[in-house]
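The values are calculated or read from the model by the stated rules, or taken from the named source; none is laboratory data. In this text the structure is predicted, and so the values were computed from the model without any measurement. Heads up, the Cβs are rebuilt from the backbone with ideal geometry, glycines too, and the neighbour counts pull from every protein chain shown. Note: accessible area is taken over every heavy atom of the protein model, side chains too, but ligands, DNA and RNA are not part of it. Shrake-Rupley method; radii C 1.70, N 1.55, O 1.52, S 1.80 Å.
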Amino acid sequence: MSADRAHFAALDAADPLAPLRDAFSLREGLIYLDGNSLGPPCRPAREALRATVEEEWGGELIGAWNTRDWIGLPRRVGDRIGRLLGAAPGQTLVCDSTSVNLFKTLAAALALRPGRGTILSTADNFPTDLYLAQGLSAWLGDARCRLRVVEPAAVVDAVDDDAAVVLLSHVDFRTGALLDLPALTAAVQARGALALWDLAHSAGVVPLALDEAGVDLAVGCGYKYLNGGPGAPAFLYVAERHQAAARQPLIGWMGHARPFAFEPAWAPAPGVDAFQTGTPVVLAQRALEGALSLLDGVDLAVLRAKAVALTEAFVAEVEASPLLADFRLVSPRDPAARGAQLSFAHPEAYALVQALIEQDVVGDFREPDLLRFGFAPLYLRHVDVHDAVRRLERVVAEGLHRSERHRVRRRVT
Ligand SMILES: *Cc1c(COP(=O)(O)O)cnc(C)c1O
């Protein structure tokens with residue numbers, strides 16, 4: 001049976017994270033279940049942007065590279081993300097996009113394993129991950145680098161003497177399935193390959209311990225659960241033990257040991273800095289830095305517990321509703337085996353998502369037939385779960401999704 005709204009309101013009243021919602025600009029009535037794709041704007045991000053434009057850029061012009069340490073942003077913001085990753089300072093860098101960082105880290109991994117040429121990944125990995133691996137293979141030639149994809153359950157057995165690096169997404173973007181990062185990292189390394197993790201859907205919402213797990217390399221997004229804004233810069237992680245030997249191909253002046261010596265020959269900056277390429281996008285870095293300040297005092301175990309509670313309640317509400325009997329949960333039923341998102345398969349998924357958006361419940365559609373909902377615990381309330389399911393029932397009961405206008409596919413789903 002579905003729980004009544006007062007039950008959810010009581011959970012909100014007892015929620016230690018509840019005050020954080022006030023920092024986000026979420027319109028009254030809106031239930032935003034898409035923070036896994038694009039986090040909403042928050043006050044500290046806006047304030048950082050305003051201060052950067054008016055005081056730093058406006059007040060100090062080029063001097064701000066030194067006086068406001070713009071030049072230090074990639075490392076400074078990187079270390080702030082590092083705390084969320086369980087990474088000691090000096091291993092996380094904020095730069096470029098996740099896609100570009102995949103290219104850099106994949107290439108670095110291959111160079112660290114000179115006798116091996118296979119990039120091993122999963123068939124269901126996020127396409128950009130597979131594309132960047134294909135691109136690297138095409139660039140280096142098949143003899144030096146090949147992509148091989150297998151089913152997730154077959155990854156460990158597929159790590160043979162030729163596997164240089166295993167590229168895995170911690171949380172599956174379609175189903176929300178969460179892989180066992182420590183166990184897979186150890187198993188991959190026991191067979192002589194490096195572990196490269198894509199943390200796009202876990203950074204800032206699933207507790208991580210990259211150092212403890214001995215992860216080799218990682219990448220992830222700044223605009224999903226980290227709320228850095230559309231197109232926010234991404235991050236990359238290079239374990240300290242690899243930094244002296246690791247080389248990435250996009251060497252640029254910002255990764256040089258002495259960028260302002262303007263020497264014709266490249267020399268690597270020490271540590272993770274050699275993974276920088278060009279000038280940091282200061283406005284975007286500062287917005288991300290502002291947004292990250294909200295996570296500073298937050299215990300990730302508390303965040304995780306709330307995400308679990310929200311997803312568990314959503315599943316229970318959907319399954320208790322006779323109107324929603326043909327929504328099939330494709331996410332793992334065990335909350336320990338999934339991230340902070342839920343996906344349901346339904347033959348009319350696209351139109352249902354569009355009709356729900358009209359009811360002010362924003363989720364997204366993923367091919368071929370998935371409704372996908374993200375449960376960002378920083379700003380969602382327990383009552384939002386209750387209300388979202390009631391609005392979904394209304395869409396189904398009244399057939400609101402059957403309207404002709406919900407059949408037109410837009411460019412971004
Ligand atoms: C969102 C996402 C990306 C996005 O990469 P961009 O370069 O930011 O476009 C990459 N990998 C995974 C697993 C993602 O979920």
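Counting only residues that are modelled with pLDDT under 95, give me the strands (runs of 3 or more DSSP E) lying completely in region 310-412 with at least 2 of them.
Counting at least 2 such residues, we get 364-366.
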Pairs returned, first residue in region 210-237 that is more than 14 Å from PRO41 (Cβ to Cβ), second residue that is part of a helix (DSSP H, G or I) and charged (D, E, K, R), beta-carbon separation under 7 angstrom, 6 or more apart or interchain, are LEU236/LYS104
Please enumerate the residues belonging to region 134-161 that are touching a residue at least 40 places away in the same chain (Cβ under 8 Å) and surrounded by 12 or more Cβ atoms within 10 Å (Cβ to Cβ). ASP160
With the requirement that a residue be closer than 30 Å to ALA376 by Cα and not in a loop (DSSP other than H, G, I, E, B), what does region 224-270 give you? PHE235, LEU236, TYR237, VAL238
Would you be able to say whether some residue in region 326-340 is closer than 30 Å to GLY78 by Cβ and acidic (Asp, Glu)? no
Within region 313-331, restricting attention to residues that are of a type in the set (Asp, Glu) and in contact (Cβ under 8 Å) with a residue 12 or more places away in the chain, which residue is least open to solvent (accessible area, probe 1.4 Å)? GLU317
The correct count of residues that are farther than 10 Å from PHE235 by Cβ and either within 14 Å of the ligand (Cβ to nearest atom) or basic (Lys, Arg) (or both) in region 81-120 is 11
Taking THR185 as the residue in question, decide whether it is in a helix (DSSP H, G or I), out of contact with any strand residue (DSSP E or B) (no Cβ under 7 Å at 6 or more places or on another chain) and of a type in the set (S, T, N, Q). no
Out of everything in region 198-213 that is touching a strand residue (DSSP E or B) at 6+ places or on another chain (Cβ under 8 Å) and in a loop (DSSP other than H, G, I, E, B), what residue ends up being nearest to the ligand (Cβ to nearest atom)? ALA200
Filter region 224-270 down to the residues that are within 30 Å of GLN341 (Cα to Cα) and more than 16 Å from the ligand (Cβ to nearest atom), then identify the one that is surrounded by the most Cβ atoms within 10 Å (Cβ to Cβ). VAL238
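This table checks each residue for (1) in contact with a strand residue (DSSP E or B) (Cβ under 7 Å, 6 or more places away or on another chain); (2) crowded, with 16+ Cβ neighbours inside 10 Å; (3) touching a residue at least 60 places away in the same chain (Cβ under 8 Å).
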site	(1), (2), (3)
ASP12	no, no, yes
ARG21	no, yes, yes
ASN36	yes, yes, yes
CYS42	yes, yes, yes
ALA45	no, yes, yes
ALA48	no, yes, yes
GLU54	no, no, no
LEU61	no, no, no
VAL77	yes, yes, yes
